[in-house]
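To keep things clear, I will list the structure first and then write my remarks on it.
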Amino acid sequence: MATLTFSEARQEVLLRVLVPNIIPVESVWLTEAAGRICAEDVPSDRDMPPLARSLRDGFALRSADLGSGFEIIGEVRAGQMPTQAIGQATTVSIMTGAVIPDGADQVVMKEHVEHSGNLIHSARAANPGEWISPAGSMARAGDIVVPRGRKIDASAIAMLATIGRSQIQVHRQPVVRILATGDEVVDIARKPNATEVRNSNSWALAADVRRFGGRPEILPVAPDQEHITRELIEYGLAADLLLISGGVSAGEYDFVETALSNLGADFFFDRVTIQPGQPTVFGHAKGTFFFGLPGNPLSTMVTFRIFAEAALARLSGVAQPDLFFHRAALQSPYRHKPGLTRFLPGLLSGGGAEVEILTWQGSGDIPTLVRANCFVVIDSKRESWSAGDSIEVLL
């Protein structure tokens, strides 16, 4: 099987895993909707705003009268209807969000007027429409304001609440079963001996699965025994997606690929030119896609983010899953041997303008992962970077 580059492997995932034709739908309260995928086109129940409103605290007036003084004849606060129309050389004090009175076509910010008793004067030029949001300028009644397929975040929830929707139809979350492997891996409740490690991968993957819209189920750890590994993998394949950590290298007791082969799996790739995470496996068996992720924690997290998360997004109903990259100035010089795309723990600072590649002790270094807030992406074709060079960062 050919070894793929990072971009080739991700494209293979996107080519294979398509949005299902039918995804079960359920109704949830807004309190439970964050992170879910909207399953309906949601229309606005009215024009927004329903009436023209002010975008600033200031004075509503006729723009044609600017250059002369204005008599203040009243005040309009947010939530009130104006009781007086604006005539020649008159104005009302108006608050942000308040309804524009009849006759007014401009709002002059209060910082741009001079007071003299009950009169104001402004040197502002006539600019009809300034600081006024016309009726229906944000949306018209019936306009789709939250489209089908959109991931629901705080802004979508604000929109749904604005139009009076306390419940929303969403796609059912894909069930993702998670299987850690290896005799050295023990349950988190157990104190490991010097040769063992607690099962951190399953819990980290469960957190990422939930964060990216799935429903995780953690399976018992599979020991390095082929028949038990096969039984647990077969059970895992009854879910929408199976994630396996460990057992995918070329070691004598790495049984995952053998077990999958015995279950009739089709393998689409089993090695990618990245670090960490070269021995990553992607395939399909018994109607379910699976990923065999390397067992070290950094490898597991990186390969989930750049490969498995895209499959999970598609199964959730997201047509175009994206990775979110950012560019920042590298704080210190860096060199590597070209050939691999590397994803290294990084620390963004300066509001995201600068990034430091953290010193790490291999892909099992969880303390460094905790300190990191991004992955620095090292181009496979470039050999060196100087301090201050722009470099890509995966958020």
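The values are calculated or read from the model by the stated rules, or taken from the named source; none is laboratory data. Note that this is a predicted model, so its numbers are computed, not measured. Heads up, the Cβs are rebuilt from the backbone with ideal geometry, glycines too, and the neighbour counts pull from every protein chain shown.
Residues checked against (1) touching a residue at least 60 places away in the same chain (Cβ under 8 Å); (2) not aliphatic (A, V, I, L, M):
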| position | (1), (2) |
| --- | --- |
| Leu312 | yes, no |
| Leu323 | yes, no |
| Ser332 | no, yes |
| Leu340 | yes, no |
| Leu348 | no, no |
| Glu354 | no, yes |
| Leu369 | yes, no |
| Leu394 | yes, no |
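Any residue at all in region 258-277 that's assigned to a strand (DSSP E or B), under 28 Å from the mean Cα position of the chain (by Cα) and surrounded by 21 or more Cβ atoms within 10 Å (Cβ to Cβ)? Yes, the conditions are met somewhere in region 258-277. The residues on offer are Ser155, Ser202, Ser93, and the sole one that is hydroxyl-bearing (Ser, Thr, Tyr), buried (at least 18 other Cβ atoms within 10 Å of the Cβ) and assigned to a helix (DSSP H, G or I) is Ser202.
When region 103-129 is filtered for residues that are part of a loop (DSSP other than H, G, I, E, B), among the charged types (D, E, K, R) and more than 10 Å from Ala60 (Cα to Cα), only Arg124 remains.
Annotation: of all residues in region 345-395 being among the small types (Gly, Ala, Ser) and in a strand (DSSP E or B), the one that is farthest from the chain's Cα centre (by Cα) is Ser384.
Quick one: which residue in Pro220, Pro216 is under 10 Å from Arg177 (Cβ atoms) and either assigned by TED's automatic domain parsing to the domain that holds Ile178 or part of a strand (DSSP E or B) (or both)? I'd like the intermediate steps shown before the answer.
Details: Pro220 fails: under 10 Å from Arg177 (Cβ atoms).
Going through Pro220, Pro216 in turn, just one is under 10 Å from Arg177 (Cβ atoms) and either assigned by TED's automatic domain parsing to the domain that holds Ile178 or part of a strand (DSSP E or B) (or both): Pro216.
Scanning region 317-339 finds one or more residues that are buried (at least 21 other Cβ atoms within 10 Å of the Cβ) and assigned to a loop (DSSP other than H, G, I, E, B). Pick out the one residue from Leu160, Leu232 that is in contact with a helix residue (DSSP H, G or I) (Cβ under 8 Å, 6 or more places away or on another chain) and either closer than 22 Å to Asp270 by Cβ or surrounded by 14 or more Cβ atoms within 10 Å (Cβ to Cβ) (or both). Among Leu160, Leu232, only Leu160 is in contact with a helix residue (DSSP H, G or I) (Cβ under 8 Å, 6 or more places away or on another chain) and either closer than 22 Å to Asp270 by Cβ or surrounded by 14 or more Cβ atoms within 10 Å (Cβ to Cβ) (or both).
Annotation: of all residues in region 350-395 being within 19 Å of Gln275 (Cβ to Cβ) and among the basic types (Lys, Arg), the one that is surrounded by the most Cβ atoms within 10 Å (Cβ to Cβ) is Arg382. The C-beta contact set for region 147-171 (first residue on the phi < 0 side of the Ramachandran plot, second residue surrounded by 16 or more Cβ atoms within 10 Å (Cβ to Cβ) and of a type in the set (Ser, Thr, Tyr), distance under 8 angstrom, 6+ apart or interchain) comprises Ile163/Ser44; His171/Ser316.
Name the residues in region 130-140 that are under 29 Å from the mean Cα position of the chain (by Cα) and part of a loop (DSSP other than H, G, I, E, B), would you?
Residues of region 130-140 that are under 29 Å from the mean Cα position of the chain (by Cα), as a first pass: 137-140.
Of everything in region 130-140, those that are under 29 Å from the mean Cα position of the chain (by Cα) and part of a loop (DSSP other than H, G, I, E, B) turn out to be Ser137, Met138, Arg140.
Restricting attention to region 173-213, report how many residues are closer than 21 Å to Gln320 by Cβ and modelled with pLDDT of 95 or more. Let's see the steps before the verdict.
Taking region 173-213 and keeping what is closer than 21 Å to Gln320 by Cβ, we get 173-174, 176, 208-209, 211-213.
Still in the running and modelled with pLDDT of 95 or more: 173-174, 176, 208-209.
Number satisfying all stated conditions: 5.
It is to be established whether one or more residues within region 224-236 are in a helix (DSSP H, G or I), within 20 Å of Ile37 (Cα to Cα) and basic (Lys, Arg). Before the answer, list the steps.
Narrowing region 224-236 to residues in a helix (DSSP H, G or I): 226-236.
If we keep only those that are within 20 Å of Ile37 (Cα to Cα) as well, we get none.
The answer is no, given that none of the residues of region 224-236 is in a helix (DSSP H, G or I), within 20 Å of Ile37 (Cα to Cα) and basic (Lys, Arg).
So, in region 23-45, exactly how many residues are within 30 Å of Gln80 (Cα to Cα), in contact with a Gly (Cβ under 9 Å, 6 or more places away or on another chain) and not in a strand (DSSP E or B)?
The first filter runs over region 23-45 and keeps only residues within 30 Å of Gln80 (Cα to Cα), leaving 30, 42-45.
Remaining after also requiring in contact with a Gly (Cβ under 9 Å, 6 or more places away or on another chain): 43-45.
Restricting the remaining residues to those that are not in a strand (DSSP E or B) gives 44-45.
Residues flagged as within 30 Å of Gln80 (Cα to Cα), in contact with a Gly (Cβ under 9 Å, 6 or more places away or on another chain) and not in a strand (DSSP E or B) within region 23-45 amount to 2.
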